[in-house]
Amino acid sequence: MNLFDVYPLYDIEPVKAQGSTLWDTNGQKYTDLYGGHAVISIGHTHPRYVQRLSDQLNKIGFYSNSVQISAQKELAERLGRVSGLPEYDLFLVNSGAEANENALKLASFHTGRTRVVACTKAFHGRTSAAVAVTDNPSIKAPLNFDQHVTFVPFNDVEAVKTAITEETAAVIVEGIQGVGGIHVATEEFYQAIRTRCDETGTVFIHDSVQCGFGRSGAFFTFQHGQVLPDLITTAKGMGNGFPVGGVLISPKFKAKHGLLGTTFGGNHLACTAANAVLEVMEEEQLISRAGHLGTQWMKALSEIPGIAEVRGQGLMIGLELEKPVGPVREALLRQHFFFTGVAGGHTIRLLPALNVAESDMHRFVEALRSLLVG
Ligand SMILES: Cc1ncc(COP(=O)(O)O)c(C=O)c1O
């Protein structure tokens with residue numbers, strides 16, 4: 001059997017990892033400034049994480065959601081405290097798309113409505129409702145086009161106010177558009193959404209899958225401002241590589257047995273991984289570190305000639321180059337051994353672990369300068 005060939009692959013196989021360092025099959029060392037696509041939050045193979053997961057695996061790895069699983073309660077309590085949202089409930093899932101799928105369903109159950117407002121350039125995942133609110137027709141199958149979605153330009157206050165009506169079930173927005181090229185939602189945009197949702201009884205869903213879990217320097221990006229969404233979705237950095245996601249649900253939603261469900265969501269290992277991530281984030285004060293290091297790094301990067309714009313917040317950074325990004329990323333990887341991400345034809349995406357070493361960030365600035373300036 002062959003693998004279904006949907007991913008363009010590098011000819012590199014990392015076989016060992018520690019912190020922000022990867023080693024391939026030839027022993028070549030790389031620095032990971034991509035965090036395996038914003039997933040590695042506390043660094044690869046963090047000793048606390050490895051210990052916690054190994055201990056749990058030696059006790060019990062899985063049982064269904066029909067029994068008591070105290071790791072789930074521990075996670076809900078800890079996540080509520082660390083995120084500053086103790087009054088929200090938690091529904092646990094396995095991925096970002098599944099989190100958004102369930103959030104959209106909850107909004108529709110709650111309002112009895114079917115229409116959704118989303119943003120141009122948005123990415124929310126590849127399952128049915130999540131891909132319908134994603135602004136990329138090339139990844140939608142014919143059956144995904146049946147849903148009622150209105151796309152408005154990201155950060156366009158007037159457009160979002162007009163689009164949200166008494167028929168809208170939900171508005172879904174990323175705090176920082178990731179796939180769309182690292183664009184940060186403005187406070188005015190958040191405020192307009194909140195106000196209009198309150199006027200029309202619409203549910204405000206904040207997709208924090210990529211920008212959440214401390215990456216921006218706040219636990220969630222909307223916490224840089226004054227608004228509170230009704231549903232908040234999270235995944236990626238939540239498990240540091242173990243598949244786990246969640247929907248944080250405001251008290252206005254009432255749970256009912258059977259309303260939502262999943263076999264694997266909230267399993268012992270996933271909860272243990274997420275608990276270990278939160279413990280390390282608290283102990284190593286990684287959220288505030290992400291905030292101040294990100295600011296320093298963005299300043300240093302913006303001083304490099306050849307970079308048209310530096311965008312982002314904390315350790316979610318987009319570098320829009322004046323020239324096409326492909327050859328530059330290739331040189332960063334092959335000559336300087338840095339893994340980076342990309343968005344579109346001109347933007348490098350940096351999504352490192354929140355405890356990435358300052359020395360790695362300095363080396364990257366110098367490597368990029370040498371490639372862009374010569
Ligand atoms: C903002 C956002 N939402 C949702 C998703 C989907 O997450 P997953 O790939 O875990 O389904 C992604 C993935 O890149 C994302 O960036």
* Cα radius of gyration and Dmax for the stretch 185-260 (Å) -> 13.6, 40
* To do: Can you tell me which of 75-87, 28-40, 5-17 comes out highest on packing, and rank the rest after it, using the mean Cβ neighbours within 10 Å?
  => 28-40, 75-87, 5-17
* Where the only charges are on Cβ atoms (+1 Lys, Arg; -1 Asp, Glu), what is the dipole of the chain about its Cα centre, to the nearest 20 debye? -> 420
* Evaluate E = 1/(1 + (r/R0)^6) for GLU188 and THR120, where r is the Cβ-Cβ distance and R0 equals 22 Å; express this FRET efficiency to the nearest 0.05. => 0.80
* Go through the stretch 176-189 residue by residue and turn each phi into a ³J(HN,Hα) via Karplus (6.51, -1.76, 1.60, θ = phi - 60°); whole Hz please, and just put x for glycine and proline. => 10, 5, x, 4, x, x, 6, 10, 8, 5, 7, 4, 5, 5
* **Whole-Hz ³J(HN,Hα) from phi, Karplus 6.51 cos²θ - 1.76 cosθ + 1.60, for the stretch 290-299, glycine and proline x** => 4, x, 6, 5, x, 4, 4, 5, 4, 5
* To do: Please name which of GLY237, HIS224, ALA118 has its Cα lying farthest along the dipole of the stretch 48-284 towards the positive end, using unit charges on Cβ (Lys, Arg +1; Asp, Glu -1) and the Cα centre as origin.
  => GLY237
* Asked: Counting DSSP beta bridges with both partners in the stretch 48-284, what percentage is antiparallel, nearest 5?
  -> 40
* Structure fact -> With the dipole of the stretch 48-284 defined by +1 on each Lys or Arg Cβ and -1 on each Asp or Glu Cβ, the option from ALA99, VAL160, PRO86 whose Cα lies farthest towards the positive pole is ALA99
* Structure fact -> Under the Karplus relation with 6.51, -1.76 and 1.60 and θ = phi - 60°, whole-Hz ³J(HN,Hα) for the stretch 67-74, x at Gly and Pro, equal 10, 5, 10, 5, 4, 5, 5, 4
* Among the listed pairs LYS161/LYS252; LYS299/LYS323; LYS105/LYS161; LYS140/LYS236; LYS59/LYS105; LYS121/LYS236, give every one whose C-alpha distance is greater than 26 Å. => LYS59/LYS105
* **Nonlocal amide H pairs with VAL203, under 5 Å, H built at 1.01 Å** => ALA170, VAL171
* Asked: Is it possible to state the helix-based mean residue ellipticity at 222 nm for the chain, with each DSSP H run of 4+ residues giving -39500 (n - 2.57), the sum divided by total residues, to the nearest 500 deg cm²/dmol? What is it?
  -> -11000 deg cm²/dmol
* Can you find, among SER370, LEU260, GLY43, the residue farthest towards the positive end of the dipole of the chain? Put +1 on the C-beta of Lys and Arg, -1 on that of Asp and Glu. => LEU260
* Using the Kirkwood radius built from alpha carbon pairs, what does the Stokes-Einstein equation give as D for the stretch 54-211 at 10 °C and 1.306 mPa s, in µm² per second? -> 94
* How long are the semi-axes of the ellipsoid equivalent to the chain, from square roots of 5 times the Cα gyration tensor eigenvalues, in whole Å, largest first? -> 32, 26, 19
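We did not get these values from a lab; they are worked out from the coordinates using the rules stated. Small disclaimer: the values here were computed from a predicted structure and weren't measured. Neighbour counts are summed over all protein chains in view; Cβ atoms, including those assigned to glycine, are modelled from backbone coordinates with ideal geometry.
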